[in-house]
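**Student:** Can you read through this structure? Questions will come right after.
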Amino acid sequence: MDGMAKTSTTTQGLRAAIERSGYYPALVAEAVEAAVGGEPVRSYLVHQETTFDQNEVRRHVTVLVLTGNRFIVSHTDEQAADDTSPTPYATTSTESVKLGRISSIVVSRVVANPEQYKPGTLPREIVLTIGWGAVSRLDLEPAACGDPNCEADHGYTGSSTADDLSLRVSEAGDGPETVRQALAFAQALSEATADTR
């Protein structure tokens, strides 16, 4: 990220984390650099995930970056050769969201032996869900009344959830340091969005 402020240890840490992931670091770093521009990086999270799709193993990486004004999401997927390309290829996308647009930050923590929990203990896993209104999930189910013999149509009831991004990080799969980084990023993003309200 040569175009970014070289004096920023956070920016250098982001570049090092992208390189450590080993997942097309030149491609991922260039996409993130273009999205961040010259803004200083306040916090970041680099998360590589491997998934199994039928008989194929697929890897992808998500990079979350917090600047003074924006939340940036970069996602890179690799694809096998297919009808559109005779060679394997990767797709990288970035989205830049103004901090004031973030409407929801949910951190779900999973802890083992909750009766023995001590403050500061690292969760076994966390799920970070961030919403800014680009994607919403609508869960509907038939509504019912209290009468078990009622056959009337009561319509539907449900809930709408903003979940533009959902990221699961676990100690077993990603290591304790990645869980710590995810918690630190979630806290930094929460604090930054609180400042914009």
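**Student:** Under 6 Å by Cβ, and 6 or more places apart or on different chains, what pairs join a residue from the range 23-51 that is surrounded by fewer than 20 Cβ atoms within 10 Å (Cβ to Cβ) with one that is aromatic (F, W, Y)?
**Tutor:** These pairs meet every condition: Q48/Y23.
**Student:** Let me ask something else about it. Looking at A80, is it at pLDDT 90 or above and open to solvent by 20 Å² or more (accessible area, probe 1.4 Å)?
**Tutor:** Working: at pLDDT 90 or above: no; open to solvent by 20 Å² or more (accessible area, probe 1.4 Å): yes.
Answer is no for this residue.
**Student:** OK, next. Can you go through V46, V63 and tell me which one is at pLDDT 85 or above, part of a strand (DSSP E or B), farther than 18 Å from D164 by Cβ and β-branched (V, I, T)?
**Tutor:** V46
**Student:** Considering only residues that are more than 19 Å from the chain's Cα centre (by Cα) and surrounded by 10 or more Cβ atoms within 10 Å (Cβ to Cβ), which ones fall in the range 109-121? Lay out the reasoning, then the answer.
**Tutor:** If we filter the range 109-121 for residues that are more than 19 Å from the chain's Cα centre (by Cα), which is where we start, we get 111-121.
Of everything in the range 109-121, those that are more than 19 Å from the chain's Cα centre (by Cα) and surrounded by 10 or more Cβ atoms within 10 Å (Cβ to Cβ) turn out to be V111, A112, Y117, T121.
Yes/no matrix, rows are residues, columns are (1) open to solvent by less than 40 Å² (accessible area, probe 1.4 Å); (2) among the hydroxyl-bearing types (S, T, Y):
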position	(1), (2)
T67	yes, yes
F71	yes, no
T76	yes, yes
S85	yes, yes
P88	no, no
I102	yes, no
V106	no, no
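The values are calculated or read from the model by the stated rules, or taken from the named source; none is laboratory data. From a predicted model like this one, the values you see are computed outputs, not experimental measurements. Using ideal geometry, Cβ is built from the backbone for each residue, glycine included, and neighbour counts are taken over all protein chains shown. Ligands, DNA and RNA are stripped out before the accessible areas are found, and what is left, the full protein with its side chains, is counted by its heavy atoms. Shrake-Rupley method; radii C 1.70, N 1.55, O 1.52, S 1.80 Å.
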